[in-house]
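A single structure is presented below for examination.
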2 protein chains.
Amino acid sequence: MEENQSEQFTPLSKLGEFGLIEHLTKRFPLRNGSSIKGIGDDAAVLEMLDKHTVVSTDMLVEGVHFDFTYVPPQHLGYKAVVVNLSDIYAMNAKPTQILVSIAISNRFGIEFVEQIYDGIRLACDVYDVDLVGGDTSTSYSGLTISITAIGEAAEDELVYRNGSKATDLLVVSGDLGGAYLGLQLLEREKSVFEVDKNMQPDLSGNEYVLERQLKPEARKDIHELLKGLDLKPTSMIDISDGLSSEVIHLCKQSKTGVQLYEEKIPIDNNVYSLCEEFQLTTTTVALNGGEDYELLFTVDLSDHDKIKGNPNLSIIGHMTAESEGMNLVTKDLKSIPLSAQGWDAMMDKKA
Amino acid sequence: MEENQSEQFTPLSKLGEFGLIEHLTKRFPLRNGSSIKGIGDDAAVLEMLDKHTVVSTDMLVEGVHFDFTYVPPQHLGYKAVVVNLSDIYAMNAKPTQILVSIAISNRFGIEFVEQIYDGIRLACDVYDVDLVGGDTSTSYSGLTISITAIGEAAEDELVYRNGSKATDLLVVSGDLGGAYLGLQLLEREKSVFEVDKNMQPDLSGNEYVLERQLKPEARKDIHELLKGLDLKPTSMIDISDGLSSEVIHLCKQSKTGVQLYEEKIPIDNNVYSLCEEFQLTTTTVALNGGEDYELLFTVDLSDHDKIKGNPNLSIIGHMTAESEGMNLVTKDLKSIPLSAQGWDAMMDKKA
């Protein structure tokens, strides 16, 4: 539970003006045919042929989005890529390239930044994307990492937020609330550690929620599963701010209402037990927790059989006419209006 | 010479989680046919048809790249876009879209951030590019802005850094050294102001270098001029770190040498007179000053007539065999080896 500086410390200045970026990026091979030219010119060059290009960007700020007290640098690098790729999958597109910009204060050594890039490289390996550009800069305090992700999809494969219609089924991948509880756990152990530096963190048995927070995955597998099922969602979004907030986005942009069934929301056992420990309501955590990076989508009623019984997918409700409103149907069958209460820092919002 | 806060101060928190980005981006129309979907989904969607896609990213950090003591927020927004577009033009491509991420501390109000976006919007107007995505976040200190620029070019229009050959002419647009002297001037007046807050800055007669520093332009006109002349450079780069550094990039990547003639380097009169005032050598400033955002390129010898006499272009040397080295031929015809000594903050380097 100490700052994850590696043992060696080589000042960033050691590598000189052009050395650092070359040093950090030399072990990144290009693997996608669409990556015509990567790092080393004024810009990267891509060739999307007859595909559409999909682009998204996300910025993570130390102290706001992550805390090096408990986030190892490799995990930061990995997660920073994953949260961007998740946006590309949410368009039903395949991510192909990333650009990475980092501003770093001098309190970090080259070894530390190398570890961040180790995480970035692992994500590139796992998700088959190419690092094709970026920028490194000094900062006066802390570390900021900004990633742009690019992907490709045929025009008729793209899925927007605004395509759902009344009677469509509402489906979510995986389970919800884990990332939020992972964060609560890490924050609690940090407080304990700050009071008594000899305290060792007690995280055993909670590996699942910790991994959901520290090393989340984007649902590449769901993207491929949908393709395999020949199933094109009518609308889709990824869950970064929380289920409730994302459901509202789909409804507002599609001009529909929704009936969301509390008892259908998929929750892991680790989340149930920790909610008890932290005296939190499971449903509130699942609705507002955020950072789960699951895919939330709607499908036509006629696609019910393709979804039914799939262990990776849960049907959690259905869309209605806009006039019927956006409602959560509780376990005791009461209908209450959905509201967005993301846990994220005020105004940390993506365009 | 005071902090350019506007008179009103509305805290960023006022607009709520989703309000700020919507508020800031609502006045950005899409104008390029390739912008299929802009802000408002998980990602933007672009259609480049039979063109190649060109992508570049740059991050500007308060205190490292700009100082709000003398940089008005509109100018910051404008310049942040321009420096990115300059990279796209340096590929001989046409910029079409940008994505803008900003991390902002609470000491800034909504009005201040609006002014940054006013500058971004003006740049979008002038350069015909669409804002299609981005991210806003809080930061604990200062302001960081990260922009990704996207452009398009037919495959056979693209110009890389590595295409020059011995005997090619070395050409630069505009004139050099102005942006560096603009910065020296602003820093000097800031020091004076810090000693005596009643002091008014004395900047008259230096409008040219101030504009070069505070509101630089990317050479859209040169991109169009080259097209009009049916002239495709053999290699090209934009001048962000300094002429010397960029010439070395072209040589190293093209595996050529160079003869650069000191007396041919284009210098504005404002730069001459300020160099005298600051007791700086004009050539050193032009070679190492940086931030001029001019285009440096090489053309085949047979294209000499297309360049000759054009007031926007100066032939400053020619490429040689790699074995002949990279040399500056001084006004008294001595040949000295070129070296890169960018003035930029250590390790502030773009991939």
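Each value in this text was obtained by applying a stated rule to the coordinates, not by laboratory testing. This is a predicted model, so every value here is computed, not measured. Note: ideal-geometry Cβ built from the backbone for every residue, glycine included; neighbour counts use all protein chains shown.
Charges on Cβ only, +1 for Lys and Arg, -1 for Asp and Glu, centred on the Cα centroid of chain B; of B:251, B:261, B:321, which one is farthest towards the dipole's positive end?
Result: B:321, furthest along the dipole toward the positive end.
Right, next: Scan around residue B:135 for amide H atoms under 5 Å from its own, H built in the peptide plane at 1.01 Å from N, and keep only partners 5 or more places away or cross-chain.
For residue B:135, whose amide H was placed from the backbone, the distant partners under 5 Å are A:351, B:100, B:101, B:102.
List the distances, in nm and shortest first, from the label point of residue B:278 to the matching label points in every other copy, placing each point 7 Å from Cα along the Cα-to-Cβ direction.
5.4
For chain A, what's the relative contact order in percent, using C-alpha pairs closer than 8 Å and at least 6 residues apart?
Taking the mean separation of contacting Cα pairs over the length of chain A, I get 21 percent.
Provide an ascending nm list, one decimal, of label-point separations from residue B:200 to the equivalent residue in each further copy; define each label point as 7 Å from Cα along Cα→Cβ.
Output for residue B:200: 7.0 nm, nearest copy listed first.
What distance in nm separates the simple spin-label points at residue B:118 and residue B:269, each placed 7 Å from Cα in the Cβ direction?
3.3 nm
Among the lysines, which have Cα under 16 Å from the Cα of residue A:79 when same-chain residues fewer than 8 positions away are ignored?
Partners within reach: A:215, A:220.
Taking a label point 7 Å from Cα toward Cβ, how far is residue B:228 from its twins in the other copies, in nm, shortest first?
Here residue B:228 shows inter-copy label distances of 5.8 nm.
About the Cα centre of the stretch B:131-176, how large is the charge dipole given +1 on each Lys and Arg Cβ and -1 on each Asp and Glu Cβ? Please answer in debye to the nearest 20.
That gives the stretch B:131-176 a dipole magnitude of about 240 debye.
Each label point is 7 Å from the Cα along the Cα-to-Cβ direction; what then is the distance between the points at residue B:324 and residue B:157, in nm?
Going by the 7 Å Cα→Cβ label model, 3.3 nm.
Among all the aspartates and glutamates, which ones have a C-alpha under 18 Å from residue A:197's C-alpha, if same-chain residues fewer than 8 places away are not counted?
Here the aspartates and glutamates satisfying the reach criterion relative to residue A:197 are A:2, A:3, A:67, A:187, A:189.
For the stretch A:16-157, how big is Rg over Rh, using alpha carbon atoms and the Kirkwood form of Rh?
On the Cα set of the stretch A:16-157, Rg over Rh gives 0.97.
Any chance you could give the angle, 0 to 90 degrees and rounded to 10, that helix A:16-25 forms with the longest Cα principal axis of chain A?
40 degrees
Assign unit charges at the C-beta atoms only (+1 for Lys and Arg, -1 for Asp and Glu), then state the dipole size of chain A relative to its Cα centre in Debye, rounded to the nearest 20.
Here chain A has a charge dipole of around 460 debye.
Could you give the distance between the Cα centres of the stretch B:108-132 and the stretch B:265-300, to the whole Å?
29 Å
Same structure again: So if I take the centroid of the Cα atoms in the stretch A:186-200 and the same for the stretch B:140-176, what is the distance between those two points in Å?
Taking the Cα centre of the stretch B:140-176 as reference, the centre of the stretch A:186-200 is 50 Å away.
Is the shape of the protein assembly as shown rounded, prolate or oblate, going by the alpha carbon gyration tensor and its root eigenvalues a ≥ b ≥ c, with a/c under 1.5 for rounded and a/b larger than b/c for prolate?
Taking the square roots of the gyration eigenvalues as a ≥ b ≥ c, the protein assembly as shown is prolate.
Whose amide H sits under 5 Å from the amide H of residue B:289, counting only residues 5 or more places off or on another chain, with H placed in the peptide plane?
Under 5 Å from the amide H of residue B:289 lie the amide H atoms of B:243, each far enough along the sequence or on another chain.
Same structure again: For A:294, A:262, what's the fewest-to-most ordering of other Cβ within 10 Å of each Cβ?
A:262, A:294
Right, next: In straight Cα distance, which lysines are under 19 Å from residue B:308, not counting same-chain residues fewer than 8 positions off?
B:227, B:232, B:264
Further question on the same structure: Work out how much length residue A:105 to residue A:277 would gain on full extension: take 0.36 nm times their residue separation and subtract the Cα-Cα distance, in nm to one decimal.
The residue A:105-residue A:277 span can extend by a further 58.1 nm.
Please give the residues of the stretch A:148-168, grouped as numeric ranges, whose backbone N is less than 19 Å from a label point set 7 Å along the Cα-to-Cβ vector of residue A:50.
Zone members listed by number: A:152-159.
Hey, another quick one. In terms of modelled amide H atoms, which long-range or inter-chain residues lie less than 5 Å from the amide H of residue A:66?
Sorted by chain and number, the residues that satisfy this are A:61.
How far apart, in nanometres, would the label points at residue B:312 and residue B:126 be if each is projected 7 angstrom from Cα along the Cα-to-Cβ direction?
1.5 nm
Tabulate in residue order the Karplus-calculated ³J(HN,Hα) for the stretch B:224-238, using 6.51 cos²θ - 1.76 cosθ + 1.60 with θ = phi - 60°, rounded to whole Hz; enter x for Gly and Pro.
6, 4, 4, 4, x, 7, 6, 10, 10, x, 8, 8, 7, 7, 9
So for B:283, B:53, fewest C-beta neighbours within 10 Å to most, what's the order?
Fewest to most other Cβ atoms nearby, the residues stand as B:283, B:53.
Other chains near A:144-155: what is the mean number of their Cβ atoms within 10 Å of each residue's Cβ?
What the average comes to for A:144-155 is 5.
Against the longest alpha carbon principal axis of chain A, how many degrees, from 0 to 90 and to the nearest 10, is the axis of helix A:243-254 turned?
Helix A:243-254 and the main axis of chain A meet at about 70 degrees.
Now, a different point. Which percent, to the nearest 5, of DSSP beta bridges fully inside the stretch A:16-157 are antiparallel?
70 percent
With θ set to phi - 60°, apply the Karplus curve 6.51 cos²θ - 1.76 cosθ + 1.60 along the stretch B:307-318 and write out the HN-Hα couplings as whole Hz, x wherever there is a Gly or Pro.
Once rounded to whole Hz, the list reads 8, 3, x, 6, x, 8, 10, 10, 7, 10, x, 8.
Okay, moving on. Show that you can apply the helix-only estimate: for chain B, add -39,500 (n - 2.57) for every DSSP H stretch of four or more residues, divide by all residues, and state [θ] at 222 nm to the nearest 500.
-10000 deg cm²/dmol
Taking a point 7 angstrom from the Cα of residue A:202 along the C-beta vector, which residues in the stretch A:173-190 have backbone N less than 12 Å away?
Counting backbone N atoms under 12 Å from the label point, the list is A:189.
Nearest 0.05, what FRET efficiency do residue A:211 and residue A:339 give at R0 = 35 Å with Cβ-Cβ as r?
0.75
Moving on. In percent, how large is the relative contact order of the stretch B:169-337, given Cα pairs closer than 8 Å and 6 or more residues apart?
41 percent
Using 0.36 nm times the number of residues separating residue A:195 and residue A:8, minus their current alpha carbon distance, what extension gain do you get?
Net length gain for the segment: 64.6 nm.
Give me B:301, A:203, A:260 sorted ascending by neighbouring Cβ count inside 10 Å, so fewest comes first.
B:301, A:203, A:260
Using the Cα gyration tensor of chain A, with a ≥ b ≥ c the square roots of its eigenvalues, what is the shape: rounded (a/c below 1.5), prolate (a/b larger than b/c) or oblate (neither)?
oblate
Here's another thing I want to ask about it. Quick one: helix B:178-195 against the long Cα principal axis of chain B, what's the angle to the nearest 10°, folded into 0 to 90?
It works out to around 50 degrees.
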